[in-house]
Amino acid sequence: ASSRPWSNNMPETLPTVAELKALPNDQPRPFAAVLLFLRATQRKARNGSDFLVVELGDRTGSFGTTCFGDSAAFAFFSEEPQGSVVRIEEHTDRYQGKFSPRVTSVGLLSPQEIEEGKWLPRLIESSVEDATSLWSELQDVVESITHEGLRATTKQVFENIGERFRISPAATAMHHAYRHGLLEHTVHVARVARALLPLYPEVDSSLALAGVLLHDVGKAIEYEGEVAAKKSRTGVLQGHVVLGYRLVRQAAMKAKPPLDTAMLERLEHIILSHQGELEWGAAALAATPEAVFVAMSDNFDAKMGMVQQALRNTPGSQEFSDYLPGLRVSLLTTPAAPAVPPPE
């Protein structure tokens, strides 16, 4: 793989992923780009040889490229850690209708080159909402919890987890998979909950709001990495549902006033069941009004977060987004026609 320095190329001189995908596909075209190395999956071809499916991206999107076992790119991506910033030279190509270029050269950018080239704002997608304002809104929701034990426990969780919750993504793919995504998703679910709670008086509002704010808190431990998030060792071995359950139980023991045993059991049940289905990672199925309410509110914002991200990142030249696994469709991104006013 190439070891040439790439700091002479500034962000504005190289194409983004969205711009590359918008290129005409009439013939292969050479290009260079600086991208994040997101992940690599090793597979075997029919003849028994190994190859890698490598995902590269920036804040405008991502694409996959295949690196065969006898190539320098295969050796490079097998050795370098996910989350590295790389400079690639490739030729545009498509496979089964998807943008899938062929790597001809790849090199690693040093931390100094990343800083001097000011690459991170171009590479890392962040919440489109101001993180400070989101955090302030979350604190307002905490203060609105009228049950003293639930409010104290919720405050204690956020004190224990620290800054990591504010910058963590909500996922490495699927929904809110970007910097501050966990904070954005949590606040959005809280907005949904506050709008819907008046319709369902059977749901205890304090318990539901505490569950909303804490349902994904384990993701602050499940994911790690300042540039491109990946699962931590603990995240792989335990997952965010168990980690969130532990954080809530530990906080409840320290909270003043303490949370009574019966209410703690119900709050823990929300954490354990919020994934909705056992095959989606839930440790239990939602069996209280509040758990059903939180699981459905969470699922709603997760799906709409996928919609919002697809609308932001799909080039205007494309009628449909790339395939969205979480929705199991490609999203129609053109807006609906405005309603025709009735005749006077």
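The values are calculated or read from the model by the stated rules, or taken from the named source; none is laboratory data. This is a predicted model, so every value here is computed, not measured. Note that we place each Cβ from the backbone using ideal geometry, even for glycine, and neighbour counts take in every protein chain shown. Note: accessible area is taken over every heavy atom of the protein model, side chains too, but ligands, DNA and RNA are not part of it. Shrake-Rupley method; radii C 1.70, N 1.55, O 1.52, S 1.80 Å.
Below is a table of values for the structure above.
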item	result
Residues of region 39-48 satisfying the condition of being in contact with a strand residue (DSSP E or B) (Cβ under 7 Å, 6 or more places away or on another chain) and either in a loop (DSSP other than H, G, I, E, B) or open to solvent by 40 Å² or more (accessible area, probe 1.4 Å) (or both)	39, 41, 42, 43, 44, 45
Spans of helices (runs of 4 or more DSSP H) in region 144-242 with at least 2 residues open to solvent by 60 Å² or more (accessible area, probe 1.4 Å) and without any contact (Cβ under 8 Å) to a residue 60 or more places away in the chain	181-196
Failed item, numbered, when residue 130 is tested on (1) in contact (Cβ under 8 Å) with a residue 40 or more places away in the chain; (2) under 20 Å from residue 304 (Cβ atoms); (3) under 19 Å from the mean Cα position of the chain (by Cα)	(1)
Where a residue in region 16-45 is without any contact (Cβ under 8 Å) to a residue 60 or more places away in the chain and within 20 Å of residue 58 (Cα to Cα) and its partner, wherever it lies, is among the hydroxyl-bearing types (Ser, Thr, Tyr) and in a strand (DSSP E or B), with Cβ under 7 Å and at least six apart	17/62
Residue within region 109-119 that is loosely packed, with under 12 Cβ neighbours inside 10 Å, over 23 Å from residue 322 (Cα atoms) and free of Cβ contacts under 8 Å to residues at least 40 places away in the same chain present	yes
Checking residue 268 against (1) touching a residue at least 40 places away in the same chain (Cβ under 8 Å); (2) open to solvent by less than 40 Å² (accessible area, probe 1.4 Å); (3) within 20 Å of residue 161 (Cβ to Cβ), the condition it does not meet	(1)
In region 21-44, the residues that are modelled with pLDDT of 90 or more and in contact with a Phe, Trp or Tyr (Cβ under 8 Å, 6 or more places away or on another chain)	34, 37, 40, 42, 43, 44
Condition check for residue 259: of a type in the set (A, V, I, L, M, F, W, C), surrounded by 15 or more Cβ atoms within 10 Å (Cβ to Cβ) and part of a loop (DSSP other than H, G, I, E, B)	yes
Output for region 50-107, where each listed residue is buried (at least 21 other Cβ atoms within 10 Å of the Cβ) and among the aromatic types (Phe, Trp, Tyr)	74, 76, 77
Unique residue being within 21 Å of residue 181 (Cβ to Cβ) and among the basic types (Lys, Arg) when the list is 231, 254	231
Residue list for region 319-329, filter: open to solvent by 50 Å² or more (accessible area, probe 1.4 Å) and within 20 Å of residue 95 (Cβ to Cβ)	320, 322, 323, 325
Filter result (assigned to a loop (DSSP other than H, G, I, E, B) and either among the basic types (Lys, Arg) or touching a helix residue (DSSP H, G or I) at 6+ places or on another chain (Cβ under 6 Å) (or both)) within region 49-62	59, 60
Tally, over region 279-294, of residues that are of a type in the set (A, V, I, L, M), assigned to a helix (DSSP H, G or I) and in contact (Cβ under 8 Å) with a residue 24 or more places away in the chain	2
